Amino acid sequence: MDRLSLGGRAGAGCLRVLVVLLCGVVGALWGQEVPRTTEEGTQESRWFDRMAAPLSWAAVEECQVKAAERTSPLGGPVLWVHVGVDHQGGEKAYPIGWPRAQFTTAGWERDWSAWDVFDFAVLVEFKGFKAPAEPISLEIGEGRNSYSRSLAVAADGQWQTVTIPVAELSKRDAGLPAAISRLRLVVSENKYRHEDVVDVYLSGFRLTRSLTCAVTSLETTTPVVFTGQPVVQLELTVVGPPEQIKRGIPFTLSRRDSGEVLRREMLPLGRGHQRYACDISELALAPGDYALAVFEADPAQRRSVDFKVVAEPWKPE
């Protein structure tokens with residue numbers, strides 16, 4: 001084998017290494033290609049490690065994003081958002097404006113539809129006259145259907161947890177959990193005095209979901225129905241693995257006074273927040289008090305809602 005062929009192979013090897021390194025850099029900048037997932041008890045978490053990297057955020061006006069030398073209660077690096085409030089500078093049209101930082105999602109980071117909760121840890125420090133009760137806001141998505149929430153976190157230098165149910169996003173826009181294009185952290189300067197300083201530290205961005213099927217909320221929008229009405233309208237939130245939910249949610253309808261079970265079945269529900277028309281027409285329920293329950297046999301998961309059946313006022317005696 002001659003030197004040229006050896007040199008060619010060595011050069012090709014170096015080229016492959018360089019390509020791998022470049023791909024890693026591009027992946028870090030444009031998307032977390034392989035999500036980090038952990039399990040603890042009955043909870044599964046998927047971590048947004050890229051959100052803790054300052055280079056992943058674009059900041060404007062008086063907002064700066066840096067890495068912080070702090071210890072997070074959830075582990076991992078800490079993102080530092082620093083805002084020096086300036087009522088005289090910033091955008092010319094809005095000198096008292098909205099310093100902000102934006103994170104653009106990529107790949108799997110866009111789809112939250114299979115998860116229950118988005119949460120993270122936050123710590124706020126303040127220098128100035130008086131810290132507002134809601135020092136910073138979070139926007140998820142963009143445009144008219146985006147989800148916005150002012151974070152009621154005390155500026156006391158203590159770590160706190162912000163929890164946002166994914167079902168809240170679907171209430172605003174049914175398609176939002178599966179198509180999230182960005183997140184923004186926004187400070188409204190009209191809440192502050194000129195030259196106030198607010199420092200926000202964030203870490204542990206993650207999506208979580210239950211490893212077991214559960215109903216986290218259950219209510220009815222028709223607590224009173226007439227004997228001639230065919231359905232009871234339910235509003236509920238279902239969490240857990242999709243494959244378990246597809247088997248159906250155990251459901252029981254019974255009389256409140258005697259506890260007599262009138263129907264057992266498996267409700268064909270999906271994940272997340274939803275409305276369901278529970279058909280009671282075949283039962284021809286007499287006037288009285290009734291209860292609808294899910295997971296009746298499991299005290300830890302059982303949830304129930306009451307409704308009343310009354311006689312039709314227009315029905316002749």
- prompt: With Cβ to Cβ distances under 13 Å as the rule, what net charge do the other residues near E235 carry (K, R +1; D, E -1)?
  reply: +2
statement: Filtered hits (lysines, Cα-Cα < 30 Å from K130, offset >= 8 within chain) -> K66, K92, K191
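Mind giving me the FRET efficiency for T212 and K92? R0 is 45 Å, r the Cβ-Cβ distance, nearest 0.05 is fine.
Here the calculated transfer efficiency is 0.25.
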- line: In the neighbourhood of S254 defined by beta carbon distances under 9 Å, the net charge of the other residues (Lys, Arg +1; Asp, Glu -1) is +1
- prompt: If you bin every alpha carbon distance in the stretch 143-224 into 5 Å steps from zero, what whole percent lands in each bin?
  reply: 2, 8, 16, 18, 17, 16, 10, 6, 3, 2, 0, 0
message: Regarding the stretch 103-151, what's the average projected area of the Cα-atom convex hull, expressed in nm²?
response: 5.1
field: Per-residue SASA entry for I249, accessible area with 1.4 Å probe, Å² rounded to 10
entry: 0
field: Top of F48, F295, F120 by mean-square fluctuation, Gaussian network on the chain, Cα under 10 Å
entry: F295
query: Against the longest principal axis of the chain, how steep is helix 3-30, in degrees 0 to 90 to the nearest 10, with axes from Cα atoms?
result: 50
message: In whole Hz and in residue order, list the ³J(HN,Hα) couplings for the stretch 67-81 that follow from phi through the Karplus curve 6.51 cos²θ - 1.76 cosθ + 1.60, θ = phi - 60°; x for Gly and Pro.
response: 8, 10, 8, 9, 9, 8, x, 9, x, x, x, 10, 8, 10, 10
- prompt: Pulled fully out, how much extra length does the chain show between V261 and E195, if you take 0.36 nm times their separation in residues and subtract their Cα-Cα distance?
  reply: 17.2 nm
field: Distance histogram in 5 Å bins (all Cα pairs of the stretch 223-306, percent per bin)
entry: 3, 13, 25, 27, 17, 10, 4, 1
task: Take the solvent-accessible surface of the protein heavy atoms, probe 1.4 Å, and return the percent of it on the stretch 58-209 that carbon and sulfur atoms account for.
output: 47
query: Which GluC sites (Glu not before Pro) in the stretch 224-270 pass both tests, a DSSP loop state and at most 15 other beta-carbon atoms within 10 Å?
result: E260
message: Could you report the accessible area of S150 in Å², rounded to 10, computed with a 1.4 Å probe on the protein chains as they sit in the structure?
response: 50
message: Using DSSP to call loops (not H, G, I, E or B), can you name the trypsin sites (Lys or Arg not before Pro) in the stretch 134-239 whose Cβ has at most 12 other Cβ atoms within 10 angstrom?
response: R144, R193
field: Loop-resident sites, the stretch 62-164, for GluC sites (Glu not before Pro), counting at most 11 other Cβ within 10 Å (DSSP)
entry: E69
field: Cα principal axis extents for the stretch 25-177, largest first, Å
entry: 48, 36, 34
message: With only alpha-carbon atoms in the gyration tensor, what are the semi-axes of the equivalent ellipsoid for the chain, in Å, largest first?
response: 48, 30, 17
message: Ratio of alpha-carbon Rg to the 2.2 N^0.38 Å globular estimate for the stretch 122-264, to two decimals, please.
response: 1.49
statement: Whole-percent carbon and sulfur contribution to the accessible surface of the stretch 237-278 (1.4 Å, no ligands, DNA or RNA) stands at 45
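The values are calculated or read from the model by the stated rules, or taken from the named source; none is laboratory data. No experiment lies behind these values; they were computed from the predicted model shown. Neighbour counts run over all protein chains shown; Cβ positions are idealised from the backbone, glycine included. We work out accessible area using only protein heavy atoms, side chains counted, and drop any ligands, DNA or RNA first. Shrake-Rupley method; radii C 1.70, N 1.55, O 1.52, S 1.80 Å.
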